[in-house]
Every structure is written in C-alpha cells, then in structure tokens.
Amino acid sequence: MKKLLALVLVLALCALAAVPALAGFAPVPQDEIKIGFIYIGDPSDKGYTYAHHQGTVYMQEELGLRDDQIIIKSNVYDGDACRTAILECIEQGAHIIFANSFGYMDYMEEMAEEYPNVIFSHCSGYKSNDVNFNNYFGRIYQSRFLTGLAAGLRTESNKIGFVAAHPIPEVIGGANAFALGVMAVNPEATVTLKYTNTWYDPTVERQAAEALLDAGCDVIAQHQDTSMPQKAAEDRFVWSVGYNADMTEEAPDAHLTAPIWFWGVYVKYAVEQVIEGTWTPENSFMGMAEGLVGISPLSKNVVDGTAEIIEEYRAMIMSGEFDVFDANGVFADGIFDNEGNPQIAPGARYDVPEITSIMWYLNSITVDN
C-alpha cells in the first residue's frame with residue numbers, strides 16, 4: 001500500500017511539474033527554507049488536522065528537511081489567534097505559510113498584503129491576490145460520492161444522517177455528492193443534514209450525531225474535524241462514514257470507509273516550487289487523478305458487493321467518463337434540488353466553477369435546523 005501511494009504521489013507530482021509557471025519569487029536554498037503551518041486543531045484529532053499533519057510529515061521526509069525548518073501552530077481558532085500565529089511564523093523566518101481552516105481566509109488575505117515577501121497558501125476558501133496569496137483544495141466530492149455508495153448499500157432504515165459544519169458551498173457540495181452516491185444504489189434512501197456551525201467541537205459534533213440517531217438514522221456521515229460522530233454511531237451499534245482520514249480505529253464496529261486527503265501531494269509540490277523559485281499564486285483544485293483525494297480501505301462492516309460497485313464508479317471517474325455532478329447514466333433524467341427545481345440538465349455536467357459555488361440541496365436531502 002505504501003509503495004502504491006508513493007507511486008501515485010510521484011506520478012501526480014511529475015504531471016504537475018510539467019505545468020509551466022512564471023517565476024515570481026527568488027529561489028530559496030533547500031537547507032534554508034522555513035515553512036509555517038497553522039492548524040485549527042491538533043493532529044491527535046485523528047481527523048482533519050491529523051490528515052494535514054500527515055501531509056506535512058510526508059513533505060518534510062521527502063525533501064529531507066530538518067525539524068527546525070518546520071514551524072507548526074496547533075489549536076489556532078478562527079479569529080485574532082490566526083493573526084498572531086501568522087506573525088509568529090513570520091518572526092521565525094517562514095518563507096511560505098500554509099493555513100488549514102476556512103475561517104483563516106480573511107486574516108491570510110490581510111497579512112499577505114502586509115507582508116508581500118512571504119507566500120500565503122490557504123486551504124479551502126475562495127480568496128487569492130494574484131501576488132503572494134493563493135488557495136488550494138480538491139475534488140473531495142469524488143471521494144464523497146464513492147463513500148455514499150457504501151452508505152446507500154448498508155442502510156436498513158433508509159435514513160442516513162450527515163453532521164455538517166457550516167452551510168457553505170464546500171460543505172453543501174460535499175453533502176450533495178455523498179447523497180448522489182447513496183441515490184445511485186438506493187433511490188429510496190434519504191439524507192438528513194444537521195449543522196453544528198463549527199468546524200471543530202468534539203462535544204457539539206457528537207451531540208448532532210446523537211440527534212440524528214434519535215431520529216432513526218442508521219448510518220452517520222460527516223463534514224467535521226473529529227471522529228466524534230463515528231464514536232456516537234459505534235455506541236449505538238449502527239454504521240458510519242468518516243472524513244479526512246481512516247477512522248476505523250475510532251469506531252471499528254461502525255465505520256464503513258471515509259473520504260480521505262493526501263495533502264502531501266500539494267504541500268510538497270508547493271514547497272518544491274518555493275525552493276526552485278517557480279512558485280506562482282495559482283489556485284489548486286486537484287482530485288483523484290492527481291492522488292490528492294481517495295477513500296480509506298473498506299472495513300469489515302460493508303455489505304457484500306460494495307467493493308465491486310465502488311471500483312466500477314472509481315474507474316469511470318478516473319477515466320473522465322463520469323464525475324459525480326453529471327446528469328448521465330443513472331442520473332440521465334437530470335439532477336434536481338429538494339424544492340423540485342432542475343439543477344443539472346440531462347447530459348450536462350458541473351465543473352469547478354459550479355461545484356465550488358453550490359448552494360442548493362439534492363432532492364433526497366432534508367436539512368434539520
């Protein structure tokens with residue numbers, strides 16, 4: 001598995017390296033570069049920050065950087081704490097700063113203007129400045145669709161819960177992709193979203209999952225930073241779909257699979273560009289083809305036949321034959337929102353501009369406020 005992942009990463013980076021870029025910053029010697037990372041949580045969360053930190057570790061090991069070249073600020077909540085963390089990274093000599101929370105966006109924008117000689121790379125969000133501030137995310141909706149297949153096959157009540165952070169396109173689009181996967185194999189199943197209005201709050205995340213379980217859901221999925229929704233499902237003897245990293249260890253008798261990130265693909269690529277002096281403020285939105293996203297290994301809890309169905313759809317996504325928000329095949333009659341309005345016409349397909357601005361809910365989704 002490690003050799004396969006390494007090969008995927010190498011191929012992805014080789015492909016990316018072929019993309020021409022205009023030099024905007026002078027090269028930084030590899031043994032002198034310093035890199036800042038601002039995390040909203042702690043790597044011990046086994047979720048969002050853990051996945052980011054694994055990418056940091058991968059980059060450091062692959063480039064042979066010393067520990068004193070890596071600056072990490074953990075548990076930095078959205079707000080003035082972000083500005084403080086950025087300043088500390090700059091004071092410690094960071095040439096590039098990666099920040100992993102949507103809520104950091106305005107602070108990154110502000111500080112990028114104030115410090116034009118430092119590179120600011122923001123995970124998620126939508127702002128950039130065409131000078132020294134870009135954003136990066138990925139086609140996680142592809143992975144969410146595949147995990148929706150597993151959930152749709154597993155449910156017995158046909159009621160699936162989704163613990164959601166904030167009602168923004170990143171979350172809504174991901175929930176829709178998951179629900180499309182459910183619908184592809186089980187058109188009778190519904191998905192109920194419950195918002196927590198927080199990215200990282202283990203207690204609130206668990207409470208939201210428990211409320212969905214009380215309403216009869218027998219699979220719990222999530223767009224949250226920790227594994228608490230998974231543990232809530234485990235304690236109720238039902239099923240779950242995690243996020244960010246493989247959460248089977250946290251819920252061994254509940255977890256089916258999870259959409260996961262290999263952030264090292266992008267972080268290593270960006271840091272190499274800084275070293276080479278070829279970094280430009282291009283925004284990045286890679287997917288399964290580049291190795292940035294995938295799904296965790298299917299657990300013992302999936303139903304028979306799940307692996308074969310997921311592999312069928314994975315192959316179509318990888319070949320470009322199908323890409324989730326795609327009114328073809330099983331969705332040939334079009335894709336509709338939960339108010340009955342057609343959103344994607346038969347034969348049409350969403351791409352990045354539409355996917356990153358979704359503010360409607362699939363017709364199988366109900367929002368529990």
* For residue 366, all conditions in the list (1) open to solvent by 50 Å² or more (accessible area, probe 1.4 Å); (2) assigned to a loop (DSSP other than H, G, I, E, B) hold save one; what is the number of the exception? -> (2)
* Do we find a residue being assigned to a loop (DSSP other than H, G, I, E, B), surrounded by fewer than 24 Cβ atoms within 10 Å (Cβ to Cβ) and more than 13 Å from the chain's Cα centre (by Cα) anywhere in the range 256-265? -> no
* **Sole residue being at pLDDT 95 or above, surrounded by 21 or more Cβ atoms within 10 Å (Cβ to Cβ) and more than 23 Å from residue 226 (Cα to Cα), chosen from 89, 123** => 89
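Can you tell me which residue in the range 143-201 is surrounded by the fewest Cβ atoms within 10 Å (Cβ to Cβ), limited to those that are hydroxyl-bearing (Ser, Thr, Tyr) and closer than 22 Å to residue 339 by Cα? Steps first, please.
Initially, the range 143-201 is screened for residues hydroxyl-bearing (Ser, Thr, Tyr), giving 143, 147, 155, 157, 190, 192, 195-196, 198, 200.
Narrowing the set further to residues that are closer than 22 Å to residue 339 by Cα leaves 190, 192, 195.
On the way: 190: 21, 192: 19, 195: 17.
For the range 143-201, the residue satisfying everything is 195.
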* Hey, any hits in the range 273-280 for a residue that's within 25 Å of residue 353 (Cα to Cα), touching a residue at least 40 places away in the same chain (Cβ under 8 Å) and open to solvent by less than 30 Å² (accessible area, probe 1.4 Å)? -> yes
* **Residues located in the range 83-110, provided they are outside any loop (DSSP other than H, G, I, E, B), more than 25 Å from residue 32 (Cα to Cα) and touching a helix residue (DSSP H, G or I) at 6+ places or on another chain (Cβ under 8 Å)** => 102, 103, 104, 107, 110
* Please name all residue pairs, on different chains or six or more residues apart, with Cβ atoms under 9 Å, provided the first residue is in the range 93-117 and is more than 24 Å from residue 60 (Cβ to Cβ) and the second residue is of a type in the set (D, E, K, R) and part of a helix (DSSP H, G or I). => 102/170; 107/80; 107/83; 110/83
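This table checks each residue for (1) open to solvent by less than 70 Å² (accessible area, probe 1.4 Å); (2) modelled with pLDDT of 95 or more; (3) within 14 Å of residue 142 (Cα to Cα).
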site	(1), (2), (3)
305	yes, yes, no
315	yes, yes, yes
320	yes, no, yes
325	yes, yes, yes
335	yes, yes, no
344	yes, yes, no
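The values are calculated or read from the model by the stated rules, or taken from the named source; none is laboratory data. Small disclaimer: the values here were computed from a predicted structure and weren't measured. For neighbour counting, all protein chains shown are included, and Cβ atoms are generated from backbone atoms with ideal geometry for every residue, glycine included. The protein model used for the area step is the full one, side chains on, heavy atoms only, and it has no ligands, DNA or RNA in it. Shrake-Rupley method; radii C 1.70, N 1.55, O 1.52, S 1.80 Å.
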